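The values are calculated or read from the model by the stated rules, or taken from the named source; none is laboratory data. A quick note: this is a predicted structure, and the numbers were derived from the prediction, not measured. Here Cβ is always computed from backbone atoms with ideal geometry, including for glycine, and neighbour counts include all displayed protein chains.
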Amino acid sequence: MAIKIRSVTSEDWLDVKRIYEAGIDTKMATFESKAPESYNEWFGEAIPTCSFVAFEENHILGWCKLTPVSKRTVYKGVGEVSIYIAPEAKGKGIGNLLLNQMIITSEKEGFWTLESKIFKENIASLNLHKKNGFRIVGIREKIALLDGVWKDNVLMERRKVISPSFKYKE
């Protein structure tokens with residue numbers, strides 16, 4: 001059966017949480033030490049039209065969500081990417097499918113910049129983002145502590161080619 005992509009829903013919460021907790025356990029994906037208690041807490045201000053799950057049959061293999069970086073109107077087209085793949089699905093191209101769908105949809109929704117903050121030791125995620133047109137714009141050294149250890153984040157971004165007549169959605 002083929003892997004499919006669809007919008008994430010609250011019914012996906014237990015699978016999303018399971019995959020997020022597996023990412024937390026790696027100590028390479030997030031500074032968080034536990035998953036949120038509810039779908040609404042996890043989803044927060046994320047953009048529903050730009051947040052997806054990958055699934056095969058009824059088994060969710062990964063998810064991504066896009067969250068605005070700011071509430072200010074001038075940054076309305078800038079979003080932060082979160083993407084997590086189930087341990088059993090790594091290496092199957094799930095991340096590529098999800099990130100491609102997010103890029104296509106987010107550009108249709110008026111986003112011109114996607115950014116991601118990735119631990120420098122998370123080589124798979126860095127490579128996934130590079131493969132999808134992201135570039136390194138900097139290293140945020142010792143940005144936060146994880147289990148008492150200062151960690152660096154690689155700040156990556158993908159910019160849409162913007163024509164001189166481009167106007168962002170109000």
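Note on segment 65-124: residues that are touching a helix residue (DSSP H, G or I) at 6+ places or on another chain (Cβ under 7 Å), of a type outside the set (Ser, Thr, Tyr), in contact (Cβ under 8 Å) with a residue 40 or more places away in the chain and part of a helix (DSSP H, G or I) amount to 2.
So which of Ile94, Ile47 ends up being more than 20 Å from Lys160 (Cα to Cα) and among the β-branched types (Val, Ile, Thr)? Break it down into steps so the answer makes sense when it comes.
Working: Ile47 fails: more than 20 Å from Lys160 (Cα to Cα).
Residue meeting the stated conditions: Ile94.
Picking from residues in segment 125-168 that are of a type in the set (A, V, I, L, M, F, W, C), closer than 19 Å to Val81 by Cβ and surrounded by 13 or more Cβ atoms within 10 Å (Cβ to Cβ), the one that is modelled with the lowest pLDDT is Ile143.
Within segment 44-75, the set of residues being modelled with pLDDT under 95 and either of a type in the set (A, V, I, L, M, F, W, C) or surrounded by 15 or more Cβ atoms within 10 Å (Cβ to Cβ) (or both) comprises just one member, Val74. Scoring Lys151 on the criteria (1) closer than 26 Å to Thr49 by Cα; (2) in contact with a Phe, Trp or Tyr (Cβ under 7 Å, 6 or more places away or on another chain) leaves a single failure, condition (1). If the condition is being out of contact with any Asp or Glu (no Cβ under 6 Å at 6 or more places or on another chain), over 17 Å from Leu66 (Cα atoms) and assigned to a loop (DSSP other than H, G, I, E, B), then segment 1-27 contributes Ala2, Lys27. Filtering segment 31-59 to residues that are of a type in the set (A, V, I, L, M, F, W, C) and under 16 Å from the mean Cα position of the chain (by Cα) leaves Phe31, Ala35, Trp42, Phe43, Ala46, Ile47, Cys50, Phe52, Val53, Ala54. Within segment 99-118, being within 22 Å of Leu61 (Cβ to Cβ) and surrounded by 13 or more Cβ atoms within 10 Å (Cβ to Cβ) holds for Leu99, Asn100, Gln101, Met102, Ile103, Thr105, Ser106, Leu114, Ser116, Ile118.
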